[in-house]
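Visitor: Pasting a structure here, questions to come.
Where a number appears in this text, it was derived from the coordinates with a stated rule and is not lab data. No experiment lies behind these values; they were computed from the predicted model shown. Virtual Cβ from ideal backbone geometry, glycine too; neighbours counted across all protein chains shown.
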Amino acid sequence: MIDESNTKNTLSDSGAETTASLESSQKKIPEKKDYQIDIFRDWCKSCGICSAFCPRQCIQLDESGSPFVKDSKLCSGCGWCEVHCPDFAISVRQKRRRTTRENVD
């Protein structure tokens with residue numbers, strides 16, 4: 001004969017463990033950071049190094065060979081363009097999130 005009360009307790013315990021393991025395995029995905037890429041035209045000599053080192057192709061060269069920011073939303077903030085620029089003509093920094101009064105309250 002099977003003891004049904006023991007079976008029910010075992011099933012309910014395993015269900016609680018399954019729920020707990022699912023909740024712990026669901027991690028919050030971090031919010032993507034946005035970066036601003038500034039190119040200082042007066043300092044830039046249009047060597048193209050920034051474009052060559054950009055792993056996400058955020059910086060491209062126009063028809064005259066001058067760099068421009070194609071899509072800053074692709075930027076990961078790695079700073080390779082900034083570090084390799086021989087003229088210090090590029091700045092990469094994280095954009096600040098604007099908080100509205102509604103978000104604060």
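Visitor: Can you compute the equivalent ellipsoid semi-axes for the stretch 35-99, i.e. the square root of 5 times each eigenvalue of the Cα gyration tensor, sorted largest first and rounded to whole Å?
Guide: Taking √(5λ) for each eigenvalue gives 19, 12, 11 Å, largest first.
Visitor: Ok, one more. Between residue 73 and residue 88, how many nm apart are label points set 7 Å from Cα along the C-beta direction?
Guide: Distance between the two pseudo-spin positions: 3.4 nm.
Visitor: Which whole-number percent gives the relative contact order of the stretch 35-99, counting Cα pairs below 8 Å spaced six or more residues apart?
Guide: For the stretch 35-99, the relative contact order is 44 percent.
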